[in-house]
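The values are calculated or read from the model by the stated rules, or taken from the named source; none is laboratory data. This structure is a prediction, so every number in the text was calculated from the model and none was measured. Don't worry about glycine lacking a Cβ; one is built from the backbone with ideal geometry, like all the others, and counts go over all protein chains shown. Just the protein is used for accessible areas: all its heavy atoms, side chains included, with ligands, DNA and RNA removed. Shrake-Rupley method; radii C 1.70, N 1.55, O 1.52, S 1.80 Å.
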Amino acid sequence: MSDFHKKNITELSALLKNGEASSVQLTEHFIARIKQYDDKLNSFITVTEDEAITAAKAADEKIKTGNAGPLTGIPIAHKDIFCTQGVKTSCGSKMLDNFISPYDATVVTKLKQAGIVMLGKTNMDEFAMGSSNETSYYGAVKNPWDTGTVPGGSSGGSASAVAARLAPAATGTDTGGSIRQPAALCGITGIKPTYGRISRYGMIAFASSLDQAGPMGQSANDCALLLNAMAGFDEKDSTCIDKEVPDYTADLEKPLKGLRIGLPKEYFEKGLDADVEKVIRAALDEYKKLGAELIDIELPNSGLSVPVYYVVAPAECSANLSRFDGVRYGYRCEAPKDLLDMYTRSRGEGFGSEVKRRIMVGTYALSSGYYDAYYLKAQQLRHVISDDFKKAFEKVDVIMGPTAPSTAFKIGEKSDDPVSMYLSDIYTIAVNLAGLPGMSIPAGFANGKPVGLQITGNYFEEGRLLNVAHQYQSCTDWHRAIPEDFS
Ligand code: GLN
């Protein structure tokens, strides 16, 4: 067997360009790996082998004509939250187990236009609600570094598949940390761009004011290539921002001398595992060697982010998920007595318990008499949280800290304790509430499990984040590590 899976997108692209490999060969290689290994991980819900081979053949033709771009012929996987025409799009839910999307999400269209080959759709927490990938209707996803532990969530299937090199890269979405937290727990690189940078059209909505798509890959360089294709205005999404897309690879090599890195005191307090902190401090030392300056800062309202998020996100999800009623598409209960029985049983049987918990909390927070006390208050506090960042970015260029308070936890460890589960996003959620770009990069290991360093930037500073990440990855090789059982 060849070692295509040990290579990143840039390296695979060079092989394609030089004629040392064809897209069909790469695609067959990754499909074979999925068949060989995914029983252990459960990272895919659907594998689209035939469509992938057809797309790979078309890519090979394009390469022959000399019209290939850097992503032409590269196989990747899509989180099953993105609508894919003619292919099941389940969002990890029984509610959509029978749903074949009639159209492509804009992210899918754009990546198709860039020449990528879709390998399949990855497993995820139901409707992207979760931090461990245990809420999926299709069963828990395993972390390839230790299959007794969770990969993080909700883009856990994408993270697990990339970490085990069943796909060179994948797409994810991040509402409160779902790209960064699983990237951290699985030892891969992921970036959540500024809210509005990438179109949400065809991306099944969880919390519309927070949801944002992004790439998950082996390196900052790969993420930059994918982001180049994914970002940009789309008139089909009214919250998508009409702003030119820079070439995200252009500044990767910029030296970091003089970079001001803010370290929020709140990210290094009680609740952070000591062995995770050690790895993060070592990474920060590396940045010092690269010429950066470390500056202590404060984000005094950080403690509000989890409670605020758990009002805003459920409120929005309760509205977004009202469309799943058994009428037009999705799950419908057997032999309904009447219309009300169809609504209640279809939703009662189609949704899992975490989704129901969120719908109930959200409906309550939006109801008359409680709206002002909960939803409105949460929206006001959102501004307070954003203002903390605004002040911080007057003094620093980027903010760093751990992505998650601990390494991957055991499957089942937190599934009966929602609050402890919600706290695993304590460092990521504020970034979504403020709409800022954030990323996670592999920074080392604690007890054999990956640790992620979170880098947050100011609005539309994705290029800078990728530069800061790439410089670190140019002098370390944590991002190159592959779990032994999958190497
Ligand atoms: N873990 C958070 C939640 O459960 C965030 C999920 C996400 O980003 N999609 O809502």
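Of note:
- Taken together, the criteria place A378 among residues that are farther than 25 Å from I295 by Cβ and open to solvent by less than 30 Å² (accessible area, probe 1.4 Å).
- Residue within region 69-86 that is in contact with a strand residue (DSSP E or B) (Cβ under 6 Å, 6 or more places away or on another chain), within 28 Å of R347 (Cβ to Cβ) and hydroxyl-bearing (S, T, Y) present: no
- Looking only at region 321-342, residues that are assigned to a helix (DSSP H, G or I) and either within 30 Å of T456 (Cβ to Cβ) or open to solvent by less than 80 Å² (accessible area, probe 1.4 Å) (or both) come to 4 in all.
- For region 408-421, the condition of being without any contact (Cβ under 8 Å) to a residue 12 or more places away in the chain, open to solvent by 20 Å² or more (accessible area, probe 1.4 Å) and polar (S, T, N, Q) holds for at least one residue.
- Within region 38-50, being in contact with a helix residue (DSSP H, G or I) (Cβ under 6 Å, 6 or more places away or on another chain) and either among the aliphatic types (A, V, I, L, M) or in a helix (DSSP H, G or I) (or both) holds for L41, V47, E49.
- In region 142-170, of all residues being surrounded by 24 or more Cβ atoms within 10 Å (Cβ to Cβ) and of a type in the set (V, I, T), the one that is farthest from N221 (Cα to Cα) corresponds to V150.
- Residues in region 426-485 that are under 19 Å from the mean Cα position of the chain (by Cα) and free of Cβ contacts under 8 Å to residues at least 24 places away in the same chain: none.
- Options G115, G69: the member that is assigned to a loop (DSSP other than H, G, I, E, B) and touching a Lys or Arg at 6+ places or on another chain (Cβ under 7 Å): G115
- Top-ranked residue of region 427-458 - restricted to ones that are open to solvent by 10 Å² or more (accessible area, probe 1.4 Å) and polar (S, T, N, Q), ranked as nearest to G177 (Cα to Cα): N458
- Members of region 124-148 found to be assigned to a loop (DSSP other than H, G, I, E, B) and among the small types (G, A, S), listed by number: G130, S131, S132, S136, G139, A140, G148
- Whether a residue is more than 16 Å from the ligand (Cβ to nearest atom), assigned to a helix (DSSP H, G or I), on the phi < 0 side of the Ramachandran plot and out of contact with any Asp or Glu (no Cβ under 7 Å at 6 or more places or on another chain) was assessed, and S318 does not pass this test.
- Scanning region 413-460 for residues that are modelled with pLDDT of 95 or more and of a type in the set (G, A, S) yields A430, A434, G435, G438, S440, A443, G444, A446, G448, G452, G457.
- The set of residues in region 198-250 that are within 16 Å of the ligand (Cβ to nearest atom), charged (D, E, K, R) and open to solvent by less than 30 Å² (accessible area, probe 1.4 Å) contains only D211.
- Hits in region 427-448 - residues which are of a type in the set (S, T, N, Q) and closer than 13 Å to A469 by Cα: S440
- Out of A184, A167, sole residue that is in a helix (DSSP H, G or I) and either of a type in the set (A, V, I, L, M, F, W, C) or under 25 Å from G86 (Cα atoms) (or both): A184
- The set of residues in region 179-197 that are open to solvent by less than 10 Å² (accessible area, probe 1.4 Å) and within 13 Å of the ligand (Cβ to nearest atom) comprises I179, R180, Q181, P182, A183, A184, L185, G190, K192.
- Checked against the criterion of being open to solvent by 90 Å² or more (accessible area, probe 1.4 Å), closer than 21 Å to Q218 by Cα and out of contact with any Gly (no Cβ under 9 Å at 6 or more places or on another chain), region 53-60 contains not a single residue that satisfies it.
- Residue satisfying all of: in region 124-141; buried (at least 24 other Cβ atoms within 10 Å of the Cβ) and more than 9 Å from the ligand (Cβ to nearest atom); nearest to Y422 (Cα to Cα) among these: N133
- Residue match in region 279-293 (condition: in contact with a Phe, Trp or Tyr (Cβ under 9 Å, 6 or more places away or on another chain), open to solvent by 30 Å² or more (accessible area, probe 1.4 Å) and either within 16 Å of the ligand (Cβ to nearest atom) or under 29 Å from A378 (Cα atoms) (or both)): no
- Residues considered: I63, I34, I76, I45. Of these, the only one that is buried (at least 21 other Cβ atoms within 10 Å of the Cβ) and over 26 Å from S208 (Cα atoms) is I34.
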